[in-house]
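Just so you know, all these numbers are worked out from the coordinates, no wet-lab data involved. Computed from a predicted model, the values in this text were never measured in an experiment. Virtual Cβ from ideal backbone geometry, glycine too; neighbours counted across all protein chains shown.
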Amino acid sequence: MGLRLTNQSRHAETAAYSSTRLDRTEHESGTSAKRILDIIIASLALVFVFPLLFVVGILIRLQDGGQAVYAQKRYGRNGRTFMCFKLRSMVANADERLQEILATDPAARAEWDETQKLVNDPRITPLGQFIRKTSIDELPQLVNVLRGEMSLVGPRPIVENEIAKYGEFYRDYCAVRPGLTGLWQVEGRSDTTYEERVQLDAKYARTRTFVGDILIMLRTVPAVLLSRGAR
């Protein structure tokens, strides 16, 4: 893969993208059509899935009394940060539990450093396993789409620690809005390596088209129904 950022340079790289717009230009007609499609589909989808979100939200609250929706800072287009919404699939003190796990389990630390995930994550609740497998936990991000922070199609939004893994390809990532689905989701998701994910994100940013976005959305349906790569 390409050059990776060091931990020392990561903050400088982030600051640069947060304060300046990228030189990359997009076709205005395609960008406008993509945004209109985002608004129409996200609005209709929210109306359709609201009863499901309401019921699942109540179940999450009942299991431990914690909040149902989890918001985390992610990096988006031009390196700007936003709060990304998800239905909570983990225990209420998931961040603290993660630090305990990484501090006491070398194998888990190595796995996390490589993929930013744990295959057998003890923090995930039984209900959380289900909503992750079915991608229900990501449906609140339709609100992020309506707010213009995300798109229906694009790279998955990343946290600060993942910037270093993108290296020189972080510029490609920042050229587009992060998405609910994208090439990574339809090409295997967690069954791919992180380097393959980065390559897919860069490929999407460089070759994206309006028709290509529609094809990715159509491919997402069987990927979600078959739970391919979902963990």
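Quick notes on this structure:
- Exposure proxy order (Cβ contacts within 10 Å, fewest to most) of 220, 192: 192, 220
- Region 60-120: C-alpha gyration tensor shape, a/c 1.5 cut-off, then a/b vs b/c: oblate
- By the beta-carbon count within 10 Å of each Cβ, the least crowded to most crowded order of 84, 174, fewest first, is 84, 174.
- Were the residues from residue 33 through residue 105 laid out at 0.36 nm apart, the gain over their Cα-Cα distance would be 21.1 nm.
- Equivalent ellipsoid of region 170-224: semi-axes from √(5λ) of the C-alpha gyration tensor, largest first, are 17, 15, 8 Å.
- Cross-link pairs beyond the 25 Å C-alpha cut-off, checked among 34/133; 34/203; 34/165: 34/133; 34/165
- Spin-label model, residue 54/residue 159: points 7 Å from Cα along the beta carbon direction are separated by 3.2 nm.
- Bins of 5 Å, starting at 0 and running to the largest distance - Cα pair percent for region 119-212: 3, 12, 21, 23, 22, 13, 5, 1, 0
- In terms of surrounding Cβ atoms within a 10 Å radius of their Cβ, 159, 153 rank from fewest to most as 159, 153.
- Taking packing as the residue-averaged number of other Cβ atoms within 10 angstrom, the listed peptides 70-76, 56-62 run from highest to lowest as 70-76, 56-62.
- Counting charges near residue 148 (Lys, Arg +1; Asp, Glu -1) among other residues having Cβ under 13 Å from its Cβ returns a value of +4.
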